[in-house]
Amino acid sequence: MNVDDGNVDEPGWDVDPDDEQGAAVVATVGRQLKLWREAAGMRAGEFATRIGYGEDLVYKVEGGRRIPRPEYLDRSDEVLGAGGRIAAMKDDVAEARYPKKVRDLAKMEARAVEVAAYGSRTPHGLLQTEDYARALFGMRRPAYSQDEVELAVAARMARQSIFERSPAPNFSFVWEEVMLRRPIGGRMVLRRQLEHFLEVGKLRNVEIQAMPTDREDHAGVDGDIQLLKFGDGSATGRSDGAYAARPVSDPKLVRILELRYGIIRAQALSPRESLAFIEQVLGET
């Protein structure tokens, strides 16, 4: 049975015509695959049979109209004797599959030396577990298809490779108490998410703080805040309640967001108190 029948257009693997960079990557990979196939003296139909996919899909991939699955590239590498050179294109192809705004965000996060965020509704994507992220995307309205949900989850998980960087950035997160208690995806999903917070919160370069619901003073009433600082001293940020919720990089505007975030941190529980509070919430969940 074919892994991806060439006669069935499964959603989530088509090339976005508005994503010029992603389309260029897929087109380049397609041309390389065609060159490898022709150099091996194989017709498209024969090649399709050998790799276990439909001939129509082969033409679409080679024509840059379809994003090849990782399994497709693995089989192509094996059949064409490419010695890993085709399989090595999987990372580039995977990035092309993610929406452009997600790729752009991941690139900015990859450059950052400091990441800071205040969240009032859901945890920052960098700290979401796979199950929690899947539950969140599954609740979007209009509803995502299952394929769209899995694509969004994969893109979010890929961003978390930032924790493997050396040297690693410094992270600071502040979250509302209600977010720690809302059982998104069910109580077991929430428990695993809370356990993940406790695990990550013990890292030396990560500070997690909780904002208790009973706080009378709160500088976060204008909504979520995200800040990224880079090695050259520049920074960018956005807030739901400022600058039409658009990202800003003007130092004067970023400083206002930094001021708000600094006050929020001062009003929240300390990192040590917050981990103890998360343990308490976990015990109650």
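For region 56-78, the criterion of being within 26 Å of residue 21 (Cβ to Cβ), open to solvent by 50 Å² or more (accessible area, probe 1.4 Å) and touching a Lys or Arg at 6+ places or on another chain (Cβ under 6 Å) is satisfied by at least one residue. Do you know which residues across region 212-264 are of a type in the set (Gly, Ala, Ser), open to solvent by 70 Å² or more (accessible area, probe 1.4 Å) and at pLDDT below 90? Residue satisfying the conditions is 244 alone. Scanning region 166-201 for residues being of a type in the set (Ser, Thr, Tyr) and either farther than 27 Å from residue 237 by Cα or without any contact (Cβ under 8 Å) to a residue 12 or more places away in the chain (or both) gives a total of 1. Limited to region 59-113, what total is found for residues that are aliphatic (A, V, I, L, M) and either modelled with pLDDT of 90 or more or touching a Phe, Trp or Tyr at 6+ places or on another chain (Cβ under 6 Å) (or both)? Here the count works out to 12.
Every condition in (1) in a helix (DSSP H, G or I); (2) touching a strand residue (DSSP E or B) at 6+ places or on another chain (Cβ under 8 Å); (3) closer than 22 Å to residue 285 by Cα is met by residue 132 except one, and the failing one is (2).
Among the residues of region 114-126, those identified as surrounded by 15 or more Cβ atoms within 10 Å (Cβ to Cβ) and not β-branched (Val, Ile, Thr) are 114, 116, 117, 118, 119, 120, 123, 124, 125, 126. For residue 92, the conditions (1) surrounded by fewer than 16 Cβ atoms within 10 Å (Cβ to Cβ); (2) touching an Asp or Glu at 6+ places or on another chain (Cβ under 9 Å); (3) part of a helix (DSSP H, G or I) are fulfilled apart from (2). Taken over region 265-276, the criterion of being assigned to a helix (DSSP H, G or I) and open to solvent by 30 Å² or more (accessible area, probe 1.4 Å) is satisfied by 265, 266, 267, 271, 272, 273, 275, 276.
Annotation note: of 136, 190, the sole residue that is farther than 26 Å from residue 270 by Cβ and either crowded, with 20+ Cβ neighbours inside 10 Å or among the small types (Gly, Ala, Ser) (or both) is 136.
Residue-level check: of (1) under 22 Å from residue 138 (Cβ atoms); (2) in contact with a strand residue (DSSP E or B) (Cβ under 8 Å, 6 or more places away or on another chain); (3) in a helix (DSSP H, G or I), residue 175 misses just (3).
Annotation: residue 111 fulfils all but one of (1) open to solvent by 10 Å² or more (accessible area, probe 1.4 Å); (2) among the basic types (Lys, Arg); (3) farther than 30 Å from residue 241 by Cβ; the unmet one is (3).
The values are calculated or read from the model by the stated rules, or taken from the named source; none is laboratory data. None of these values were measured; they are calculated from a predicted model. Cβ: placed from backbone, ideal geometry, glycine included. Neighbour counts: every protein chain shown. Ligands, DNA and RNA are stripped out before the accessible areas are found, and what is left, the full protein with its side chains, is counted by its heavy atoms. Shrake-Rupley method; radii C 1.70, N 1.55, O 1.52, S 1.80 Å.
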